[in-house]
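As structure tokens, the structure follows; a few thoughts come after it.
The values are calculated or read from the model by the stated rules, or taken from the named source; none is laboratory data. If you're wondering where the values come from, they're calculated on a predicted model, not measured in any experiment. Cβ: placed from backbone, ideal geometry, glycine included. Neighbour counts: every protein chain shown. Heads up: the accessible areas ignore ligands, DNA and RNA and are worked out on the full protein's heavy atoms, side chains in. Shrake-Rupley method; radii C 1.70, N 1.55, O 1.52, S 1.80 Å.
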Amino acid sequence: MLRCARGYDILDPNGNITIKWDVLQKRVEYGNQNVRVSIVNYQLFRHIGFPGWKFRWEWQKDEVIWAMTGAETTEQGDCSRFIGNSPPHCCVKNPIIIDMLPNTPFNKQVNNCCRGGILTSM
């Protein structure tokens with residue numbers, strides 16, 4: 001089920017917030033994908049302020065998030081079915097993704113991340 005929040009501004013009738021998924025690499029033999037998610041605020045006068053953006057979805061099968069940079073899940077869930085030194089980042093059926101804070105270490109950042117979920121207007 002897809003839910004979206006709507007807002008209308010008479011001064012900016014075509015403004016929107018766009019969430020885009022880019023599949024960077026698909027490894028069919030392992031059944032995984034590397035995906036970049038971008039969130040851009042194309043509104044002229046409205047920004048997303050505190051407490052910031054967050055979004056979620058529901059996996060259709062037993063998918064997990066193995067690694068993540070530039071954002072964070074709010075919980076890891078039960079990843080006990082995976083054996084090894086490096087468990088998945090998140091095993092929740094419906095993960096909630098939030099932005100990281102500005103003081104995030106550089107090795108966990110990507111371009112335009114880590115603003116505490118704040119998206120300024122254009």
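Out of ASN16, ASN41, ASN85, any idea which swings most in a Gaussian network model of the chain, alpha carbons joined below 10 Å?
Maximum among the listed residues: ASN85.
Estimate the FRET efficiency between ASN112 and GLU75 by the formula 1/(1 + (r/R0)^6), using the beta-carbon distance for r and 25 Å for R0, to the nearest 0.05.
0.55
Please return the longest range in the chain lying between exposed loop sites, taking chymotrypsin sites (Phe, Trp or Tyr not before Pro), DSSP loop only, at most 10 other beta-carbon atoms within 10 Å, and leaving the sites out.
On the way: sites that count: TYR8, TYR30, PHE45.
Longest gap between qualifying sites, sites excluded: 46-122.
Say a site is exposed when it is one of the trypsin sites (Lys or Arg not before Pro), sits in a DSSP loop, and has at most 14 other Cβ atoms within 10 Å; what is then the longest site-free stretch of the chain?
Numbers: sites that count: ARG3, ARG6, LYS61, ARG81, LYS93.
That would be 7-60.
Bin width 10 Å, origin at 0, all Cα-Cα pairs of region 17-108: what percent of pairs per bin?
13, 42, 34, 10, 1
Mind grabbing the accessible area of SER86 for me, 1.4 Å probe, Å², rounded to tens?
Answer for SER86: close to 90 Å² accessible.
Which GluC sites (Glu not before Pro) from region 22-122 combine a DSSP loop assignment with at most 13 other Cβ atoms within 10 Å?
Sites meeting the loop and neighbour criteria: GLU29, GLU58, GLU75.
Can you tell me which of ILE39, ILE83, ILE96 moves the most in a GNM of the chain? Springs connect C-alpha atoms under 10 Å apart.
Looking only at ILE39, ILE83, ILE96, the biggest GNM fluctuation is shown by ILE83.
Residue separation times 0.36 nm, minus the C-alpha to C-alpha distance between VAL35 and ILE96: what's the value?
20.3 nm is the gain from fully extending VAL35 to ILE96.
With every protein chain left in place and a probe of 1.4 Å, what is the accessible surface of THR120, to the nearest 10 Å²?
100 Å²
Where the only charges are on Cβ atoms (+1 Lys, Arg; -1 Asp, Glu), what is the dipole of region 48-122 about its Cα centre, to the nearest 20 debye?
100 debye
Just to check I understand the Karplus step: with θ = phi - 60° and J = 6.51 cos²θ - 1.76 cosθ + 1.60, what whole-Hz values come out for region 16-21, glycine and proline as x?
These are the phi-based 3J(HN,Hα) values: 7, 10, 9, 10, 10, 9 Hz.
Could you grab the relative contact order for the chain? Cα pairs under 8 Å, six or more apart, rounded to a whole percent.
Worked out over the chain, it gives 27 percent.
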